[in-house]
Amino acid sequence: MELLRLSKLMAERGLCSRREADEYIERGLVFVNGQRVSVLGTKVLPDVEIALAGEAQKTQAQRVTVLLNKPIGYVSGQAEDGYQPAVVLVTPDKLFAGAPAPHAFRREHLRGLAPAGRLDIDSTGLLVLTQDGRIARHLIDADSTVDKEYLVRVEGRLSDAGLKQLNHGLLLDGQALKPAKVSWQNEDQLCFVLREGKKRQIRRMCELVGLKVVGLKRVRIGKVRLGDLPVGQWRYLLPHEQF
């Protein structure tokens with residue numbers, strides 16, 4: 001069997017991100033078949049037993065994930081063109097009082113807090129920001145099977161054939177899109193359920209079938225729903241919630 005880099009195998013198994021794996025290996029917090037490994041770049045067989053030391057598990061348990069109802073006018077990631085990143089909204093005064101909080105807010109919850117997926121500047125709705133590399137990989141990896149659901153208000157006429165194309169058959173940037181689930185929510189609003197997230201994908205899909213998007217809101221990622229979280233406010237992902 002071909003040897004694999006230990007950090008890559010740890011990430012593939014969902015134990016942590018590759019960056020976190022390298023950190024744990026350097027600190028001597030990784031055991032392979034019961035033996036401590038502390039050398040970066042170590043390669044192992046793909047069927048080895050991998051375990052994290054208690055200190056690493058405790059570190060992971062302390063990492064937080066935040067659910068934000070992103071308003072229009074904020075970018076998901078790094079600031080650009082004068083627009084602020086959505087993470088600036090994660091402040092004590094914008095913590096949603098209508099949801100239970102498993103943690104008291106601490107400034108260290110902002111350290112390394114990064115978006116797990118994009119949401120365009122002119123779109124609203126559920127944005128996940130996390131310190132946990134396992135969650136980030138689960139949501140944004142190329143082979144992720146996590147559904148994302150959007151409500152999309154449109155203008156224009158959509159034929160039955162166009163609706164079929166939205167579900168499967170469109171190309172973006174010369175590549176076939178994965179099958180989607182697209183249906184009418186009401187007379188001017190479509191519901192999209194996707195398992196991929198190409199840049200401005202829904203807007204571009206709609207353009208290809210003669211529709212103009214006038215409003216777009218993400219309402220669900222996996223099993224986690226936006227619910228009654230107000231625009232511009234956030235809450236912690238609860239311990240029992242899983243994507």
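Bear in mind that the values in this text are calculations on the coordinates, not laboratory data. These numbers come from a predicted model, not from an experiment. Glycine gets a Cβ as well: all are built from the backbone with ideal geometry, and neighbour counts include every protein chain shown.
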Label-to-label distance, nm, for residues given as ARG36 and ARG106 (7 Å Cα→Cβ offset)
2.6
For the range 32-171, the Kirkwood Rh over every pair of distinct alpha carbons, in Å, works out to 18.8
Going fewest to most other Cβ atoms within 10 Å around each Cβ, LEU163, LEU139 line up as LEU163, LEU139
Dimensionless Rg/Rh of the range 4-61, both radii on Cα and Rh by Kirkwood, sits at 0.90
Would you mind classifying the range 92-155 by shape? Square roots of the alpha carbon gyration tensor eigenvalues, ordered a ≥ b ≥ c; an a/c under 1.5 is rounded, otherwise it is prolate if a/b is larger than b/c and oblate if not.
oblate
Through the Karplus equation 6.51 cos²θ - 1.76 cosθ + 1.60, θ set to phi - 60°, convert the phi angles of the range 216-227 into ³J(HN,Hα) values in whole Hz; use x for Gly and Pro.
9, 9, 8, 10, 7, 10, x, 8, 9, 9, 5, x
ALA53 to GLU241: FRET efficiency via 1/(1 + (r/R0)^6), r the Cβ-Cβ distance, R0 35 Å, to the nearest 0.05?
0.85
Convex hull (Cα only) mean projected area of the range 119-243, reported in nm² to one decimal:
8.2
Proxy reagent accessibility, fewest Cβ within 10 Å first, across TRP184, TRP234
TRP184, TRP234
Scan around LEU170 for amide H atoms under 5 Å from its own, H built in the peptide plane at 1.01 Å from N, and keep only partners 5 or more places away or cross-chain.
LEU177
Quick note, the chain: a/c under 1.5 would make it rounded; otherwise a/b > b/c is prolate and the rest oblate (a ≥ b ≥ c, C-alpha gyration tensor); here it is oblate
Taking 1 over the mean of 1/r across every pair of different Cα atoms in the range 148-221, what Kirkwood radius in Å do you get?
12.1
Test of understanding: in a Gaussian network model of the chain with alpha carbons linked when under 10 Å, which of PRO85, PRO100, PRO179 would top the mean-square fluctuation ranking?
PRO100
Across LYS178/LYS223; LYS70/LYS148; LYS70/LYS212; LYS70/LYS178; LYS178/LYS199; LYS94/LYS181, pairs whose alpha-carbon gap is larger than 23 Å
LYS70/LYS178; LYS94/LYS181
Inverse of mean 1/r across different Cα pairs in the range 187-243, Kirkwood, Å:
13.7
In what sequence, highest mean first, do 189-202, 19-32 appear when ranked by Cβ atoms within 10 angstrom?
19-32, 189-202
Dividing the helical contributions, -39500 (n - 2.57) per DSSP H run of n ≥ 4, by the residues of the chain yields a 222 nm value, nearest 500 deg cm²/dmol, of -5500 deg cm²/dmol
Enumerate the amide H contacts of ILE72 below 5 Å, restricted to partners 5 or more residues apart or on another chain; note that Pro and chain-start residues carry no placed amide H.
none
Mind listing the phi-derived Karplus ³J(HN,Hα) values for the range 31-48, rounded to whole Hz, using 6.51, -1.76 and 1.60 with θ = phi - 60°, and x for any glycine or proline?
10, 10, 6, x, 9, 5, 10, 9, 10, 4, x, 4, 10, 9, 6, x, 9, 6
Label-to-label distance, nm, for residues given as ASP81 and LEU3 (7 Å Cα→Cβ offset):
4.8
Under 5 Å between amide hydrogens, which residues at least 5 positions from LEU216 or on another chain qualify, with H placed 1.01 Å from N in the peptide plane?
THR124, ARG153
Rounded to whole Hz and in sequence order, give me ³J(HN,Hα) for the range 14-22 from the Karplus expression 6.51 cos²θ - 1.76 cosθ + 1.60, θ = phi - 60°, writing x for Gly and Pro.
x, 6, 4, 7, 5, 5, 5, 4, 4
log10 I(q)/I(0), Debye, Cα-only the range 15-97, no solvent, q = 0.14, 0.25 Å⁻¹?
-0.68, -1.18
Top mean-square fluctuation among GLN185, GLN35, GLN78, Gaussian network model of the chain, C-alpha springs under 10 Å?
GLN35
